[in-house]
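Engineer: Below is one structure. I have some questions about it.
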Amino acid sequence: MTTQMKSLSAGEFRKKRPTGSDRMLTVGRHTGRWFLFGVLLFIFVTPLWSIVAAALSGGAVAPGQLVTIPDSMTLSNIVEAWTSERILRYFWNSMVMAGLGVPLQVLVSALAAYALARKRFRGGAIVMLLILATMMMPEEVIAIPLYLVLSDVPPFGVSLLNTYAGLILPVLGWAFSIFVLVKFMREVPVELEEAARVDGAGDLTIFFRVILPCVKPALGTVTVFGFLMIWDQYLLPLIVAEDTDMFTLQIALLNLRQDDMISIAVVMSVALLALLPSVIVYLALQRYFQSGITAGSIKG
């Protein structure tokens with residue numbers, strides 16, 4: 001009996017042992033996978049590394065030149081860019097726009113999502129459809145109407161051009177954030193809301209103490225995307241800012257590139273300065289961002 005089991009085990013082992021073709025197939029899969037990873041790494045890392053290398057290069061960098069190895073490495077370009085009073089002013093304008101715009105955008109989007117997800121009212125589906133329709137409209141289409149509205153805000157007749165309010169107010173409502181938060185808020189059990197109402201909680205108490213804690217991953221997701229959307233704004237500051245003192249860092253990058261008195265290496269250093277806040281925000285909210293993406297894919 002024991003001999004038969006041993007022979008059977010040996011036979012099964014021979015059947016399960018990979019053949020030469022199986023090994024070649026496995027090696028081919030691994031090779032193809034690592035080749036694909038290498039191509040993606042090259043595509044995404046090369047531009048970033050070229051910016052860093054150009055910023056650290058002490059030699060002359062021609063416009064459009066792909067720098068892979070810094071020439072006589074130096075930090076003078078970064079120091080010049082990050083200590084320039086004019087560039088720091090542009091950076092401050094971008095920080096004010098994003099620092100005030102992102103929290104207000106998340107709050108406005110969360111309130112709108114709460115009404116659409118947890119309240120029943122006539123025409124709610126039409127309102128949601130109109131909000132989603134704004135996602136399909138290019139910013140260039142509303143550029144002229146937006147300028148006319150900001151130059152003469154009804155019914156007050158005041159102009160918001162060349163002001164921080166003009167930079168911030170147009171980005172407070174974003175269809176993407178509302179859409180994401182609506183999907184998550186609809187998944188919150190109704191029993192939690194009913195239990196809070198039994199305890200005497202009102203709509204605002206339920207919103208802040210019941211709904212928002214349940215959708216923290218979604219809040220992290222819309223915060224990251226909202227920051228990127230506001231921080232990378234180019235058309236809106238271009239419309240609002242009439243004075244160079246109101247320029248944001250994104251507009252400044254184009255002006256600096258056209259300035260013959262400023263080297264390309266310094267411009268690349270400013271680009272690094274513009275990149276840093278996005279990286280910091282993502283790393284700070286990475287846990288919530290990944291949880292929100294994962295939960296959305298599971299629910300989806």
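Engineer: Could you size up the charge dipole of the chain around its Cα centre, putting +1 on the beta carbon of Lys and Arg and -1 on that of Asp and Glu, and report it in debye to the nearest 20?
Structural biologist: Numbers: 22 positive and 20 negative charges, 445 e Å.
About 2140 debye.
Engineer: Quick one: compute the contact order of the chain, relative version, from alpha carbon pairs under 8 angstrom and 6+ residues apart, as a percent.
Structural biologist: Details: 288 pairs, mean separation 79.4, N = 300.
After rounding, I find 26 percent.
Engineer: Could I ask something else about it? Enumerate the helices in the chain for which the Kyte-Doolittle hydropathy averages 0.0 or more and the C-alpha atoms extend at least 27 Å along the helix's axis, using complete DSSP H runs. Show your work: numbers first, answer last.
Structural biologist: Working: long enough: 20-56 (51 Å, 1.03); 85-118 (49 Å, 0.88); 264-284 (31 Å, 2.55).
Qualifying helices, which must be both long enough and hydrophobic enough, are 20-56, 85-118, 264-284.
Engineer: Take the alpha carbon gyration tensor of the chain, find the square roots of its eigenvalues, order them as a ≥ b ≥ c, and report rounded if a/c is under 1.5; if not, report prolate when a/b exceeds b/c, else oblate. Working shown, then result.
Structural biologist: Numbers: a/c = 2.76, a/b = 1.18, b/c = 2.35.
It comes out oblate by the Cα gyration axes.
Engineer: Add +1 for every Lys or Arg and -1 for every Asp or Glu among the other residues with Cβ under 12 Å from the Cβ of ALA117, and state the total. If you can, show how the numbers build up before the last one.
Structural biologist: On the way: positive: ARG118, LYS119, ARG120, LYS183, ARG186; negative: GLU187, GLU193.
For residues surrounding ALA117, the net value is +3.
Engineer: Report, by chain and number, residues whose modeled amide H sits under 5 Å from the one on VAL158, excluding near sequence neighbours (fewer than 5 apart, same chain).
Structural biologist: VAL153
Engineer: Rounded, prolate or oblate for the stretch 67-208? Axes are the square roots of the Cα gyration tensor eigenvalues, ordered a ≥ b ≥ c, and the cut-off for rounded is a/c under 1.5. Let's see the in-between values first.
Structural biologist: Details: a/c = 2.38, a/b = 1.73, b/c = 1.38.
It comes out prolate by the Cα gyration axes.
Engineer: Compare the Cα positions of LEU161, LEU66, VAL224 along the charge dipole of the chain (+1 at Cβ of Lys, Arg; -1 at Cβ of Asp, Glu; about the Cα centre) and return the one farthest towards the positive end.
Structural biologist: Of LEU161, LEU66, VAL224, it is VAL224.
Engineer: Report the gain in length on full extension from SER50 to MET261: 0.36 nm times residue separation, minus Cα-Cα distance, nm rounded to one decimal. List each step's numbers first, then the result.
Structural biologist: Working: separation 211, 0.36 × 211 = 75.96 nm, distance 2.16 nm.
The span from SER50 to MET261 would gain 73.8 nm if fully extended.
Engineer: Based solely on its DSSP helices, what 222 nm [θ] is calculated for the chain when runs of n ≥ 4 H residues each add -39,500 (n - 2.57) and the sum is averaged over all residues, nearest 500 deg cm²/dmol? Intermediate results must be reported in sequence, preceding the final value.
Structural biologist: Values: 15 runs with 208 residues, N = 300.
So the calculated ellipticity at 222 nm is -22500 deg cm²/dmol.
Every number in this text was worked out from the coordinates using simple rules, so none of it is lab data. Keep in mind it's a predicted model, so treat the numbers as computed, not measured. Every residue, glycine as well, gets a Cβ built from its backbone with ideal geometry; the counts of neighbours run over all protein chains shown.
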